[in-house]
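The values are calculated or read from the model by the stated rules, or taken from the named source; none is laboratory data. What you see is a predicted model; the values in this text were computed from it and never measured. With ideal geometry, Cβ positions are generated from the backbone for all residues, glycine too; neighbour counts draw on all protein chains shown. With ligands, DNA and RNA removed, areas are computed over all heavy atoms of the protein, side chains included. Shrake-Rupley method; radii C 1.70, N 1.55, O 1.52, S 1.80 Å.
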Amino acid sequence: GSSIGTMIGGGPIVSFCTSSWASSGSWGQSLFLLTIMIALISILTAWMFSLLCKKFSDNHSPSTSYPDQNKEKAPPLSIWESIRICCQSRYLLLLAWVTIADYIAYALGELVFLDVLKQKFPDPRDYCYFMGQLSLWNGVLTGFFSLIVTPYLLKRCRWVIASLATPLCLLITEAAFFGALWHPSLASNLELLVIL
C-alpha cells in the first residue's frame, strides 16, 4: 500500500502540479497546487477513516463475545524490557545494528545527494519534479522487491543473507556515488552523480 501511495504521489500528482500547464511556470503556483492536493487527500483520508470507525463500531458491539476473550493475556512489555530482550539475543542485536547502520549511512548519503540535486536542478519546479519521479521509481522498486525478491531470498537463503541484501546494495551504490564525487574528473558530471 505504501508503495502504491509513493507511486501515485510521486508520479502523476507531482508531475501535474509542477507542469508548466498547471503551474503557469511558477513555483508559487506549483506549491499552491501541491498544498491543495495534500489537503484534499488528507480530507479524503479522514473521511474514509471515520467511515471505517463507524462501520466497525456498528458491527461489533461491546457485548459480542469472542472465543479467546476469556483467555488471560500477558501484560505488554515495557520499552526497556523490549530493549533488554533485544540486547540479550545476538540475532536481534545483529539485526538492530544492521538497521541502525543502514539508516545512518542512508541519511548521511542523502545529505550529499540532495546538495548535488540542488546544483543539478536550481529551479524548484524541476527539483520537485525530479523528486517526484524518484519517489515513483522508489515505489515501483520497493513493491517489486517486497513482493518478488524478498520472498525468494527468504525461501532460498539463510536469514542472515536476506537481512544483508539492503546494506550490501547501499554499500555498492553509495561507494559508486562517493567515488565519483571524489574523483576529480567525475565530480563535475552532475548527470552521472544524480544517476548513481
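What value, in deg cm²/dmol to 500, does the helix sum -39500 (n - 2.57) over DSSP H runs of n ≥ 4 give at 222 nm once divided by the residues of the chain?
On the way: 11 runs with 147 residues, N = 196.
Estimated from H runs of four or more residues: -24000 deg cm²/dmol.
Using a 1.4 Å probe over the heavy atoms of the protein chains, calculate the carbon and sulfur portion of the accessible area of region 66-196 as a whole percent. Intermediate results must be reported in sequence, preceding the final value.
Working: 6860 of 9940 Å².
About 69 percent, which is the carbon plus sulfur part of the accessible surface.
Considered as an equivalent ellipsoid built on the Cα gyration tensor, the chain has semi-axes of 38, 31, 15 Å, the largest given first.
Only Cα pairs under 8 Å and at least 6 apart count here; give the relative contact order of the chain as a rounded whole percent. Display every interim value, and only then the final one.
Details: 105 pairs, mean separation 72.1, N = 196.
Across the chain, relative contact order equals 37 percent.
Sorting 159, 137 by accessible area (1.4 Å probe), largest first, what list results? Mind dumping the intermediate values first?
Numbers: 159 90, 137 145 Å².
Largest accessible area first, the residues go 137, 159.
Which of the three applies to region 1-54, rounded, prolate or oblate, going by the alpha-carbon gyration tensor with a ≥ b ≥ c and a/c under 1.5 meaning rounded?
Working: a/c = 4.33, a/b = 1.92, b/c = 2.25.
Verdict is oblate for region 1-54.
Solvent-accessible area of residue 118, all protein chains in place: 130 Å² (probe radius 1.4 Å, heavy atoms, ligands and nucleic acids excluded). For region 111-196, calculate the relative contact order in percent as a whole number, restricting contacts to Cα pairs under 8 Å that are 6 or more residues apart. Value for region 111-196: 35 percent.
With every protein chain in place and a 1.4 angstrom probe, the accessible-area ranking of 127, 152, largest first, reads 152, 127. Note on the chain: with charges restricted to the Cβ of Lys and Arg (+1) and Asp and Glu (-1), its dipole about the Cα centre is near 540 debye.
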